[in-house]
1. Report, ordered by the first and then the second residue, all pairs with beta carbons closer than 8 Å, sequence separation of six or more or different chains, a first member in segment 63-84 that is in contact (Cβ under 8 Å) with a residue 40 or more places away in the chain, and a second member that is in a loop (DSSP other than H, G, I, E, B) and acidic (Asp, Glu).
2. Give the residue, chosen from 48, 97, 54, that is surrounded by 10 or more Cβ atoms within 10 Å (Cβ to Cβ), touching a strand residue (DSSP E or B) at 6+ places or on another chain (Cβ under 7 Å) and touching a residue at least 40 places away in the same chain (Cβ under 8 Å).
3. So, in segment 78-104, exactly how many residues are touching a helix residue (DSSP H, G or I) at 6+ places or on another chain (Cβ under 7 Å) and more than 21 Å from residue 45 (Cα to Cα)?
Amino acid sequence: MPTELAGRNHAMTKADLITSICEDVGGFTRKEAAAITEVVFDAMKEALAAGSHLKLSGFGTFAVRKKRPRTGRNPRTGQQMTITARKVLSFKASPLLKRAVNKS
């Protein structure tokens, strides 16, 4: 995360990530860094859409889980309804990421 964002209550955006790549890694134009970022995100999306687990060493693991249909309740009316089956994305942080987050 760029140092100007550290310690602030700010959501890091894709633009911030691109800026960080240009400044911290160097050797890339903003256009090249944006293209690299898009390729990485697209590869991640494709792997998850295919049902694969995505493991990023030192960061964590993304996994797609299937949820069965279940009975739920409309909070406004209290009426019972069926919640359809769907896939959900889950994330489990690595111990390194947990330590880094708890350090600050």
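The values are calculated or read from the model by the stated rules, or taken from the named source; none is laboratory data. Predicted model only: the values in this text are computed from it and were never measured. Glycine also receives a Cβ, built like all others from the backbone with ideal geometry; neighbour counts cover every protein chain displayed.
1. Between residues of segment 63-84 that are in contact (Cβ under 8 Å) with a residue 40 or more places away in the chain and residues that are in a loop (DSSP other than H, G, I, E, B) and acidic (Asp, Glu), there is no close pair.
2. Unique residue meeting the criteria: 48.
3. So the answer is 0.
Results for (1) assigned by TED's automatic domain parsing to the domain that holds residue 103; (2) in contact with a helix residue (DSSP H, G or I) (Cβ under 6 Å, 6 or more places away or on another chain), shown as yes or no for each residue.
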residue	(1), (2)
20	no, no
23	no, no
33	no, yes
61	yes, no
76	yes, no
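Residues are listed down the side, and each one gets a yes or a no for (1) part of a loop (DSSP other than H, G, I, E, B); (2) under 30 Å from residue 9 (Cα atoms):
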{"residue": "52", "(1), (2)": "yes, no"}
{"residue": "62", "(1), (2)": "no, yes"}
{"residue": "65", "(1), (2)": "no, no"}
{"residue": "72", "(1), (2)": "no, no"}
{"residue": "75", "(1), (2)": "yes, no"}
{"residue": "78", "(1), (2)": "yes, no"}
{"residue": "90", "(1), (2)": "no, yes"}
{"residue": "101", "(1), (2)": "no, yes"}
